[in-house]
Every structure is written in C-alpha cells, then in structure tokens.
Amino acid sequence: MKKITFLTFSLFSIFAFAQDVSKERVEIVLSTLASDEMKGREIGTLENENAANYIAKLFEENNLEYCTGNSYLVPFDYKGKTAYNVCGIKKGKTDKYLGFSGHFDHIGTSKNPKDNIYNGADDDASGITTLVGISDYFKTKEPEFSMVFMAFNGEEKGMLGSRAISKDKNLDKIYDNLTTLFNFEMVATESAFGKNALFMTGDEFSDLDELFNQNAENNLKIYPDPYADQQLFYRSDNVSFVKKKIIAHSFSTVDMTKATHYHNESDDINVVDFDNLTTIINNFGKTLEKLTPKNFTPKYNDKVRF
C-alpha cells in the first residue's frame with residue numbers, strides 16, 4: 001500500500017477552500033488517517049494519539065472553537081492512561097446545535113506477513129473525513145445552526161470515547177441545545193442505492209431522514225437502513241447520545257452484504273470512492289445551509305428504546 005507521511009499535514013494550509021471542498025483535500029485527510037504510519041490507530045497507542053493531534057490540527061485550521069478548556073483534545077481514562085476525543089465548535093446564528101461525529105480509532109495490526117496493518121480507511125477514517133469536510137465547507141460561512149464536531153476514540157473497544165464525552169458535564173450546555181447528531185460510520189464506498197446516497201440506521205425511530213430529504217440539495221438522499229436485522233443503530237457511537245434522548249443516528253454507505261474489507265487488512269485507500277465521498281460532503285454542506293430550527297426539528301417516536 002502507498003504510504004503517506006504523517007508530517008505532510010503541515011502542508012495542508014496551502015490549500016485555499018472556496019465554497020466546495022476539493023477532492024484533493026478529501027484524499028489527503030483520509031489517506032493520512034489511513035496511512036501505514038498510523039498503524040491502525042488502536043486506542044492506547046502513540047499512533048492513536050498522533051491521529052487525535054492531527055484531527056485537532058484540522059479543527060484549528062478551520063477556526064473551530066474549543067468545546068471545553070483550552071484544547072480540542074478532551075481527555076478520558078483508558079486502562080489507567082489518558083486517551084482523547086477531539087471536539088470543536090462552529091458558532092452559528094442561533095444557539096441550537098447540529099452535531100457531526102465519527103470515530104478515529106481502529107483495530108491496530110495483525111500477524112499477516114503480507115499486510116499486517118488494519119488501515120481502517122472506510123472504518124472510520126471516511127467518517128472523520130466527512131465531518132472534517134463539513135467543517136471545511138463552513139470555514140468562512142455562518143450557518144443558521146451552531147455546529148459541534150466530535151471525533152470519538154475507543155469505538156472499537158465498546159464505544160468508550162463517545163460514552164465518556166456524552167457524560168461530560170462541561171458539555172451539557174451544548175447537549176441541552178443539540179437538535180440532532182449525524183454520526184458518520186463507513187462512508188467510503190458507493191451505497192447499494194447508488195452514488196450520492198446514504199442510509200440511516202434506526203430510520204424507523206425518528207423523522208430525521210424525511211426532514212433532511214425535504215431539504216436535500218443536488219439529489220442527495222438518505223434511505224432507510226436495508227440491514228435492519230443487524231441492529232446497526234445500537235452498534236455505533238450514536239447510541240451514547242440516544243441514551244441521553246438526543247436524536248442521534250449513524251449514516252453510512254457500506255453494503256453489509258458485500259463488505260469483505262470490514263475489519264480486514266484490505267480496508268485501505270483502494271476501497272475508497274473519493275469522487276462519491278467528495279460529492280456527499282459538498283451536498284451535505286449545501287443541504288445544511290438550508291436547515292434552520294424552524295424547518296428542522298426531528299423527533300423520536302414511541303418505537304425507540306433507550
């Protein structure tokens with residue numbers, strides 16, 4: 001696999017972003033997170049901490065504010081050591097928030113003599129790239145909603161990071177005003193519904209997808225989860241916020257019937273459809289520009305179980 005040097009992130013600032021996020025930006029962010037140098041980003045490793053610092057650098061480039069304290073890094077305990085989530089804020093015209101999240105940890109390395117790195121390009125460097133891309137899109141814009149961007153750690157060990165940050169009292173002011181959380185989980189490939197399309201886990205539990213689709217730009221569409229029997233709604237970081245009664249769903253493109261790269265060493269940049277991912281990021285941004293607290297107030301129904 002082609003190796004991407006971690007230190008190249010210092011060059012990112014040479015790119016100037018207009019309204020649309022460039023494919024080159026998407027390629028650089030995702031390829032850096034999924035590089036061999038990151039060694040699978042397993043929580044508790046130096047490489048995992050490097051990934052956290054790299055995401056913090058991207059948040060700084062996009063002029064996000066700290067969520068708490070004086071750093072984008074939000075610490076929590078992992079086996080007696082300090083691990084980090086990464087969190088940044090984009091202030092909008094109102095104090096109502098939309099949240100965007102994904103997890104940056106993966107499962108490390110294997111003993112495979114041909115390829116011993118679980119690069120995690122789809123799972124979930126693609127999700128982190130999506131939320132970073134949305135923050136890129138709004139770098140010079142003032143959205144109607146305020147926005148919180150959260151890169152979770154420890155998802156692969158039982159959603160440890162999202163569980164920890166969801167209980168952080170320092171963030172209660174945000175959570176009390178959080179309208180919904182878009183959690184991006186494996187969005188690197190073309191979905192079973194085609195390009196420019198995602199599915200939403202737990203779609204039967206809220207009207208978020210319907211409200212989003214009513215405002216969607218350029219034929220972007222969110223479909224119901226075709227793999228409902230796999231209970232994906234309860235298997236990703238969104239569930240940490242569902243338990244707080246916050247509207248929170250995961251959004252994905254992965255075809256669970258064909259995803260041989262899932263938790264496999266083959267989950268590297270070769271599986272990524274960069275054109276499609278770039279299109280999704282920009283159309284998400286264009287759609288989000290239209291959303292206001294008046295036209296976007298999703299609600300759970302009585303089917304959801306906390």
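Values in this text are rule-based calculations from the coordinates and carry no lab data. Nothing here was measured: the structure is a model prediction, and the numbers come from that model. No Cβ is skipped: glycine too gets one built from the backbone with ideal geometry, and neighbour counts run over all protein chains shown.
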Inter-site label distance for Lys169 and Gln19 at 7 Å from Cα along Cβ, in nm
4.5
Output ³J(HN,Hα) for the range 256-266: one whole-Hz value per residue in order, computed from phi by the Karplus curve 6.51 cos²θ - 1.76 cosθ + 1.60 with θ = phi - 60°, and x for Gly and Pro.
5, 8, 10, 7, 5, 7, 4, 6, 10, 4, 6
Added length on full extension, which subtracts the Cα-Cα distance from 0.36 nm per residue, Ser110 to Asp95:
0.9 nm
Part-to-part distance (alpha-carbon centres) for the range 154-187 and the range 243-299, which is given in Å
16
Using θ = phi - 60° and the Karplus form 6.51 cos²θ - 1.76 cosθ + 1.60, what ³J(HN,Hα) does each residue of the range 105-113 get, whole Hz, x for Gly and Pro?
7, 9, 10, x, 10, 10, 9, 5, x
Diffing the range 244-255: the Karplus 3J(HN,Hα) column from phi (6.51, -1.76, 1.60, θ = phi - 60°), in whole Hz with x for Gly and Pro, holds 8, 6, 8, 5, 8, 10, 9, 10, 8, 10, 5, 8
Skipping prolines and chain starts, which residues have an amide H placed within reach, meaning under 5 Å, of the one on Asn85, given they are 5 or more residues away or on another chain?
Val74, Phe76
Placing +1 on each Lys and Arg Cβ and -1 on each Asp and Glu Cβ in the chain, then taking the dipole about the Cα centre, the residue among Phe274, Gly88, Phe193 whose Cα reaches farthest towards the positive end is Gly88
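Dipole size in debye (nearest 20) for the chain around its Cα centre, Lys and Arg Cβ +1, Asp and Glu Cβ -1?
760
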May I ask for the equivalent-ellipsoid semi-axes of the range 241-293, computed as the square root of five times each C-alpha gyration tensor eigenvalue and listed largest first in whole Å?
27, 19, 8
Here the chain gives, from Cα atoms, an Rg and Dmax in Å of 17.6, 56
Provide the FRET efficiency to the nearest 0.05 for the Tyr223-Lys243 pair, computing r from the beta carbons and using R0 = 41 Å.
0.95
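With both bridge residues required to lie in the chain, what share of the DSSP beta bridges run antiparallel, to the nearest 5%?
Roughly 50 percent of the DSSP beta bridges within the chain come out antiparallel.
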Residues whose placed amide H lies under 5 Å from that of Tyr223, excluding near-sequence neighbours:
Leu198, Phe199, Met200
Spatial extent of the range 163-261: Rg and Dmax, with the Cα atoms as the point set, Å
14.2, 41
Largest-first semi-axes in Å of the equivalent ellipsoid built from the Cα gyration tensor of the range 29-153 are 28, 16, 10
Taking 0.36 nm per residue of separation between Ser71 and Phe306 and subtracting their Cα-Cα distance, the length gained on full extension comes to 81.4 nm
Given backbone amide H placed at 1.01 Å from N, residues whose amide H is under 5 Å from that of Gly92, ignoring those fewer than 5 places away on the same chain, are Ser146, Met147
Entries in Lys96/Lys169; Lys57/Lys111; Lys195/Lys243; Lys39/Lys195; Lys244/Lys286; Lys96/Lys139 that, when Cα-Cα distance is taken, lie over 20 Å
Lys57/Lys111; Lys195/Lys243; Lys39/Lys195; Lys244/Lys286
